[in-house]
Amino acid sequence: MTYTILHGLMYPFLFLSIYFQVLLLTSFFENKKKIKKEEEYEIKNYPTVTVAVPCWNEEKTLASTIDSLLALDYPKDKLSIIIVDDGSKDRTLAIAEIYAYNHPEQIKVLSKENGGKHTAVNLALEHSTSDLFGCLDADSSVEINTLKIMVSYFDVDKNVMSVTPCIHIRNPRTLIQRLQATEYLINIFVRKAYGQLDSILVAPGSFSIFRKEVFEIVGNYRKAHNTEDFEITLRMHKAHLKVMNSHKALVYTVGPATAKGFFYQHLRWARGFLENSLNYRELFFKKEYGNFGMFTLPVAFIFIFYGLYATVFSVYIISSQLIISINRWVTVGFHPQMPIFDLFYFNTTAMSFIVMVMFSMLLLVLYIGNTLSDDKQQFYFNFPIFFILYPLFAPLFFGRAVIDTFFKRRNEWVLQDTKK
Amino acid sequence: MIDTKKYIFTFVITSAIFATAFFTSTFFSNKRIESVKSIQDNIAIDILSSETQFSLLGEVPCSNVGESSLSPELSTLGDKLSRTEADRGTEDKDVIYLKKYYSLLQIKDYLLSKKLANKCGIAKKPIFIIYFYSNQGDCPDCEKEGYVLTRLREIHPDLRIYSFDYNLDLTAIDSMKTIYRVKSSLPALVIEDKTYIGFKTVEELEKLLPDTLKVATTTVSKKAIIKQNTPKVIVNGTTTVATTTKVVN
């Protein structure tokens, strides 16, 4: 009886999941020509751009981040860099000042008491007079043509208010980083498909570029449960501002190397998503907010609970089988036997076919994600790690995020996440 | 702006995927039933053939009644029927029909084996366990008893185990229950025409088995062996009991 109920409840969620994948894939394929055309965009008038680099104890990675910005193929007189030291206790400020000394025409350094990333970016905003403004985390780097590609979107379409890049994990080495490499590949496709639906969920902190008037319309960054990038995207959708994605604009970021770092990073994202979604619940199921309000945001919200339910269902199935095995062992002892191969015993339930379709579509998503950007990865090597490890982690950080949100717990754990 | 057509189109595709999945699943499920039915038909022919052969025994010596006398596919059938029951549920009418058919085949096999044993002497006499179980949640020990019988069958390949769902609405099973005085207390085991109620461990059952089985098991390697299958025990969707070996002189 319990199994019948749990099993039956899985089908609406599976339907929604397939629906989601089909919608994204059809949106992508019907706009394939348009997406190809984006790759031919060119800039006629170069706008001025300010890139803020908020830093908090980033002495190890700051230099490579600034080097990549200085190497950008963009008119030097149109690009300024503001490094904001957010009360670092290491040599971050000293490194920043060396760069400012060597490139006084392009680099400005600001220093302040520690107040969180949003305060650092807001300080840079106050000092920026450029047409476009972006932010690059101090552990990320950009390709030489990244900015040029992104700016072209603003030049071609005056309604574009923000452009998001294509983010990869830089040199994934540990198992956890390989897991994230696949996760980011999926996001590359999802962000592109969301772009076709005018419903990009997050303009990520790593090098999303905004027209300066965006901040005049929606205001500056807010703390927003340590996910200021998601919150400002919500405000942009609320103000009906257009967000696009540039799949060829490559940005590399460092993923947490350990399971603990990965857990706390994703816990912060999940908690921030839940809290901010609830704060902006007026966007849910409102036609005036288009696909974002009617589909993308509600579905992303539902998927958190779906993921948790799918975990409960999987744990129920696995533990039921385990109890049977233990019961057998306790009764007659352990006597292993060779499994018999017979097509008769293959799992041919409807759920198994549906899961196979979902899996196939996910592989297609990965393939598209991998071919969209110019940086092709050995995803076939990394994706088994993703499929094994992600289902183990996701219930932990989503479950904890739901509990913390429900009980309004403070985010003490945020200090564990080095990328806050 | 929302493109309603796109959402409807997506709904149609998703529904088509779901419909295909359910159709494919039903197709394979029906194929499974057909496969089980086909095995049952083969067994029915085998048993009918054996019965016919047995009728001729008066004119044929025992040495001519070898491996063909008992159905070799009954074991496979039990296993596959168990899987079908697990997939489609105990209330499925096809499953109930197949279980009834299977129970009848077991009874016929049991009767034929007994006749053969009586006719052809001790060396060929198999040892039987008749097992009554319930999978309606009213027999907590039935699942464990199934594991015990499977293990027992592995230890004693000569053992012949026939399993019957106590709740199956079949007059032949009712007759078996009456003959062996099996009431609703389950699991119930019949060994050498004696009925035992309640859970029995492997060790307890071994003590109840006649010595001839132990002798046959220990001397099995010294004699010619003909592979032959016996029925499986189906308990709560779990199949038990593997192939048997028949010792012949």
* Counting GluC sites (Glu not before Pro) as exposed when in a DSSP loop with at most 10 other beta carbons within 10 Å, what is the longest stretch of chain A free of them? -> A:114-420
* According to a simple spin-label model (label point 7 Å from Cα along Cα-to-Cβ), what is the distance in nm between residue A:346 and residue B:11? -> 3.4
* To do: Report, as a whole number in µm² per second, the diffusion coefficient that Stokes-Einstein gives for the range A:214-356 at 20 °C and 1.002 mPa s using the Kirkwood radius over alpha carbon pairs.
  => 107
* Asked: So what is log10(I(q)/I(0)) for the range A:151-194 at q = 0.15 1/Å, when the Debye sum runs over its Cα atoms only?
  -> -0.50
* Structure fact -> Farthest towards the positive end of the dipole of the protein assembly as shown, among A:345, B:197, A:240 and with Cβ unit charges of +1 on Lys and Arg and -1 on Asp and Glu, lies the Cα of B:197
* Say the cut-off is 30 Å between C-alpha atoms; which of A:89/A:148; A:117/A:238; A:212/B:6 go over it? -> A:89/A:148; A:212/B:6
* At a Förster distance of 51 Å, what's the computed FRET efficiency of residue A:338 paired with residue B:92, Cβ-Cβ distance as r, to 0.05? -> 0.95
* Structure fact -> Given the candidates A:254, A:149, A:383, the one whose Cα lies deepest towards the positive end of the charge dipole of chain A, counting +1 at each Lys or Arg C-beta and -1 at each Asp or Glu C-beta, is A:383
* For the range B:134-180, what log10 I(q)/I(0) values come out of the Debye formula at q = 0.27, 0.29 1/Å, with one point per alpha carbon and no solvent? -> -1.01, -1.03
* Asked: Which FRET efficiency value, to the nearest 0.05, do you get for residue A:393 and residue B:41 by plugging their Cβ-Cβ distance into 1/(1 + (r/R0)^6) with R0 = 60 Å?
  -> 0.70
* **Where chymotrypsin sites (Phe, Trp or Tyr not before Pro) fall in DSSP loop in the range A:198-292, at most 15 other Cβ within 10 Å** => A:284, A:285
* What area, in nm² and to one decimal, does the C-alpha convex hull of the range B:155-195 cast on average over all directions? -> 3.4
* **Only Lys, Arg (+1) and Asp, Glu (-1) charged, at Cβ; chain A dipole about Cα centre in debye** => 820
* Asked: Say a paramagnetic label sat at a point 7 Å from the Cα of residue A:60, along Cα to Cβ; which residues of the range A:252-280 have their backbone N under 12 Å from it?
  -> A:254-258
* Cα-based convex hull volume of the protein assembly as shown per residue, rounded to whole Å³ -> 190
* Asked: Rounded to two decimals, what ratio of Rg to Rh does the range A:1-81 give with C-alpha atoms and a Kirkwood Rh?
  -> 1.30
* Could you state the number of Å between the C-alpha centres of the range A:95-161 and the range A:196-264? -> 14
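Values in this text are rule-based calculations from the coordinates and carry no lab data. None of these values were measured; they are calculated from a predicted model. Note that we place each Cβ from the backbone using ideal geometry, even for glycine, and neighbour counts take in every protein chain shown.
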